[in-house]
Each structure stands twice: as C-alpha cells, then as structure tokens.
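Here the structure comes first, spelled out in structure tokens, and everything after it is commentary.
The values are calculated or read from the model by the stated rules, or taken from the named source; none is laboratory data. Small disclaimer: the values here were computed from a predicted structure and weren't measured. So basically every Cβ, Gly included, is an ideal-geometry build from the backbone, and we count neighbours across all protein chains shown. Calculation scope for accessible area: heavy atoms of the full protein, side chains included, ligands and nucleic acids excluded. Shrake-Rupley method; radii C 1.70, N 1.55, O 1.52, S 1.80 Å.
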Amino acid sequence: MIEFRQVTAYQQQTRVFDRLSLRIGPYERVAILGPNGAGKSTLLKLINRELYPVAQEGSYLKLFGSETIHLWQLREKIGFVSHDLQENYTPFTTALEVVVSGFFGAIGAHEHLQATDIQVERARETMRKVGIAQDDACLFQRLSTGQRRRLLLARALVHQPEALIFDEPANGLDLGASQTMLALLRSFCGEGRALIVTTHRLDEVIPDIDRVILINQGRVIADGLKADILTSKNLSELYQTKLNITEKNGWYRCWHD
Ligand code: ADP
C-alpha cells in the first residue's frame with residue numbers, strides 16, 4: 001500500500017529524511033511512535049502528497065503501487081485525519097458540510113452545493129456511524145473538540161476507504177471523548193481495513209494494532225510486532241528517560257520510576 005524506497009525529504013531547510021525505506025502493506029494496522037520532531041507529521045505529509053520527496057536515483061515513494069497516483073484516487077483509498085485539518089475549517093461551516101467536503105477533497109462551506117443526494121445520504125450515514133448524526137446542522141465552532149474530531153473521522157470515512165491514517169487520534173480529548181474515539185477506531189479495524197496511527201501515547205496503540213514502528217530524527221529505530229517493540233528498553237532509549245512498560249488485555253501503559 002505504501003512503499004518508501006530511499007526517500008529523502010525536506011521541510012524548508014531541514015532535511016527530515018535521508019534515504020528512508022519503509023513498507024506498509026494492505027490490511028496492516030500500524031502505530032508510528034516517536035518523540036516530538038521525529039518526523040511523524042512529515043511522513044504523513046509525504047503519504048498525503050502535501051510534500052514531495054527529492055527526486056534522486058534509486059529513490060521512490062509508491063502509493064498503491066504507483067508513484068503518480070491521482071489525488072482524487074488517493075483520497076478514495078485513504079482517509080486522513082490530521083490536526084491541520086481541524087484548524088482549517090471556517091467556524092461557519094456546518095457539521096454536514098464538513099463531512100460532505102470529504103467527497104471533494106476540499107475544505108470549505110460550499111461543497112454541499114455540488115453534492116448529489118446519494119453523497120449527502122452517505123455523509124449522514126457515516127455521521128450516524130460515528131455518533132454525531134444529531135448534530136448535522138450544528139456549526140463547526142459550536143461543537144466540542146471531541147465532536148469535531150469525530151466529524152473529521154466521518155469526513156475521512158465518507159468514501160469507505162481501504163485505509164485510515166490518523167494523526168494522534170485522542171490528542172487533546174477528555175477522558176470520555178478519548179475512549180469514544182479509540183472505540184470507533186477499534187470498530188473500524190473490525191471491518192478489516194488498514195489503520196496507521198501516529199502517536200506518542202501508548203493508549204492510542206489500541207489492541208487491534210499489531211505492528212509498531214519507532215522513529216527518531218528521521219530514522220526507523222525499530223519496526224516489528226507490537227509485543228517485541230513496545231518494551232521498557234526500546235521506549236526508554238527512544239524518549240531518553242527511564243520508562244516502564246506493562247501490558248494488560250492488549251492495552252499498554254507506561255510509567256516513570
Ligand atoms: P513530529 O511530527 O514527529 O513531531 P515533524 O515531522 O513535525 O515531527 O518534524 C520533523 C523535523 O522537521 C523537525 O526537526 C522539525 O523541526 C522540522 N520541521 C517540521 N516542519 C517544519 C517547517 N514547516 N519548517 C521547517 N522545519 C520543519
């Protein structure tokens with residue numbers, strides 16, 4: 001599904017990746033963990049085609065087997081939820097308009113004017129799925145952070161994509177909203193689709209995730225089965241502080257001595 005081969009990429013003057021190689025297959029459920037500045041957002045921008053790698057010999061970035069996949073095709077296959085997205089909506093956009101905008105790969109208040117009845121019905125159905133159908137006429141600015149996040153999830157899912165990429169799904173949410181969001185992700189995984197979560201929190205590594213990739217300073221530090229990677233040793237090294245990791249019923253937690 002995603003293949004980075006010796007990818008070099010910059011954010012302004014900063015070289016974030018220097019010949020990074022990474023493959024993520026269809027149906028995989030992956031968490032990408034790393035400290036602030038590790039390169040997680042840059043990685044997502046490359047996948048989302050917001051950023052392009054440096055063209056160099058032996059290097060490519062393939063999505064669904066293609067280096068030149070059309071943006072609209074990519075949007076149908078992968079749903080994205082990022083924090084930038086949340087900040088880009090105007091306060092006067094309604095909840096339904098946000099979800100419908102997913103069909104147009106755009107943000108704004110006018111896409112619903114072009115939407116077909118089928119698209120609007122699909123948007124409402126997706127809103128029901130994430131538990132916010134009752135808020136469809138509500139203005140974005142009136143919604144709580146948890147409702148907004150669910151709305152952006154509905155926007156990402158409106159195409160029924162093969163994969164979902166979610167940047168820090170529970171970040172900034174209160175306890176109840178976090179648990180709701182993680183439960184929604186678990187039900188998405190239950191439908192047999194791929195999930196990629198970037199995070200620095202262990203509760204976001206839901207039990208359905210089986211592969212964990214640790215990155216730091218633009219390099220893959222460890223990559224493998226969750227139980228092998230989420231160890232006290234690995235995470236203490238990654239975050240440069242002594243951390244103790246335990247697991248219960250598939251959920252991981254971490255504490256400092
Ligand atoms: P993470 O998401 O893991 O916190 P980022 O991908 O945001 O990491 O950042 C990776 C590196 O790229 C950091 O060194 C960061 O300072 C740099 N960086 C990110 N965005 C920009 C930008 N817009 N301009 C310059 N440097 C950036």
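For segment 149-192, give me each residue that is among the basic types (Lys, Arg) and surrounded by fewer than 23 Cβ atoms within 10 Å (Cβ to Cβ).
So the first thing to find is which residues in segment 149-192 are among the basic types (Lys, Arg), and the list is 149-150, 155, 186.
Arg186 - this is the single residue of segment 149-192 that is among the basic types (Lys, Arg) and surrounded by fewer than 23 Cβ atoms within 10 Å (Cβ to Cβ).
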Taking segment 160-187 and keeping only residues that are in contact with a strand residue (DSSP E or B) (Cβ under 6 Å, 6 or more places away or on another chain) and among the hydrophobic types (A, V, I, L, M, F, W, C), one is left with Ala163, Leu164, Ile165, Phe166
Would you confirm whether any residue within segment 75-85 is surrounded by 12 or more Cβ atoms within 10 Å (Cβ to Cβ) and on the phi > 0 side of the Ramachandran plot? no
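If a residue has to be of a type in the set (A, V, I, L, M), within 14 Å of the ligand (Cβ to nearest atom) and crowded, with 19+ Cβ neighbours inside 10 Å to count, how many in segment 31-74 make the cut?
The number of residues fulfilling the criteria is 8.
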Can you tell me how many residues within segment 4-30 are more than 7 Å from the ligand (Cβ to nearest atom) and in contact with a Gly (Cβ under 8 Å, 6 or more places away or on another chain)? 7
Sole exception among (1) modelled with pLDDT under 90; (2) open to solvent by less than 30 Å² (accessible area, probe 1.4 Å); (3) more than 23 Å from Leu74 (Cα to Cα) for Ala115, by number: (3)
Considering only residues that are open to solvent by 10 Å² or more (accessible area, probe 1.4 Å), away from the ligand (no atom under 16 Å from the Cβ), under 21 Å from Phe80 (Cβ atoms) and not charged (D, E, K, R), which ones fall in segment 197-217? none
